[in-house]
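Undergrad: Here it is, the structure, as structure tokens.
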Amino acid sequence: MAMAKKNEFRPDKSSTPLLSHLLLTKKQQKTVLKWSFYGLLLVVLSVLQDSLLSQVRLFGATTEPVPCCIFLICILEGTQNGSVFSLVAGLLYLFSGTAPGPYSMVAIVFLSVGVCMLRQAFLQEHFSSAVLCVAVAMLLYVLVNFAFGLFLGLTIWSRLFGFILTALLSLLFVPVLYPVVKAIGAFGGNLWKE
């Protein structure tokens, strides 16, 4: 029985590195950059909300810029991209420990898609329509949180004003976030122009 040569069964060398198979077009690179910046914006807002803004209270109410930003991004991105984004962002918001409970993640997804559909169907793309849609979504979001808090025995009826004030105080972030989200959204191209 003849022995096989040592060099006879070597594996083939890969001629190209693994990352060369993942080449992205310029548009795809810009889209990845856009969604990465959206994620980074939400991380910064989450840290800001948990560390600094949670310490500031006005009549027992605080601010929630993270759901406000999720609603704004969904409204500006459109129903198709915004619904997927709101689902992923809502899950990350829930798993970060900041969200009041699983019901808030479901509320974020349904409310963001609902106001996004409302805006696309009846409103023009302006700052005022974005503020109106975010205001409706934030008000309904805090009311859902209040209703579940009441049901679970975590809050009382007299705290309703504090929840509504939280929604109104959170809207103060929209004028600051709107140009940032608009600038980030311009990276991957506009949904309506494609």
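The values are calculated or read from the model by the stated rules, or taken from the named source; none is laboratory data. Quick caveat, the model's predicted, so the values are computed rather than measured. Here Cβ is always computed from backbone atoms with ideal geometry, including for glycine, and neighbour counts include all displayed protein chains. In case anyone asks, the SASA skips ligands and DNA or RNA and just uses the protein heavy atoms, side chains included. Shrake-Rupley method; radii C 1.70, N 1.55, O 1.52, S 1.80 Å.
Undergrad: Roughly how many debye, to the nearest 20, is the charge dipole of region 46-194 about its Cα centre, given +1 on each Lys and Arg Cβ, -1 on each Asp and Glu Cβ, and no other charges?
TA: Details: 5 positive and 5 negative charges, 37 e Å.
Taking the Cα centre of region 46-194 as origin, the dipole is about 180 debye.
Undergrad: Please give the length that would be gained between Gln29 and Leu118 if that part of the chain were fully extended, namely 0.36 nm times their separation in residues minus their C-alpha to C-alpha distance (nm, one decimal).
TA: Details: separation 89, 0.36 × 89 = 32.04 nm, distance 3.05 nm.
Difference between extended and current length: 29.0 nm.
Undergrad: Counting only protein heavy atoms, what percent of the accessible surface of region 79-150 is carbon or sulfur at a 1.4 Å probe? Write down the numbers at each step before the final one.
TA: Details: 2610 of 3420 Å².
Carbon with sulfur: 76 percent of the solvent-accessible area.
Undergrad: Can you give the extra length, in nm with one decimal, that the chain gains between Ser51 and Ser36 once fully stretched, where that is 0.36 nm per residue apart less the Cα-Cα distance?
TA: 3.2 nm
Undergrad: Taking the alpha-carbon centroid of each part, what is the distance from region 111-181 to region 80-110 in angstrom?
TA: 14 Å
Undergrad: Return the Rg/Rh ratio of region 40-153 with Cα-based radii and a Kirkwood Rh. Numbers along the way, then the final one.
TA: Values: Rg = 13.8 Å, Rh = 14.3 Å.
Reported Rg/Rh (Cα atoms, Kirkwood Rh): 0.96.
Undergrad: Please report, in debye to the nearest 20, how large the charge dipole of region 26-115 is about its Cα centre when each Lys and Arg carries +1 at its beta carbon and each Asp and Glu carries -1 there.
TA: Dipole of region 26-115, to the nearest 20 debye: 380 debye.
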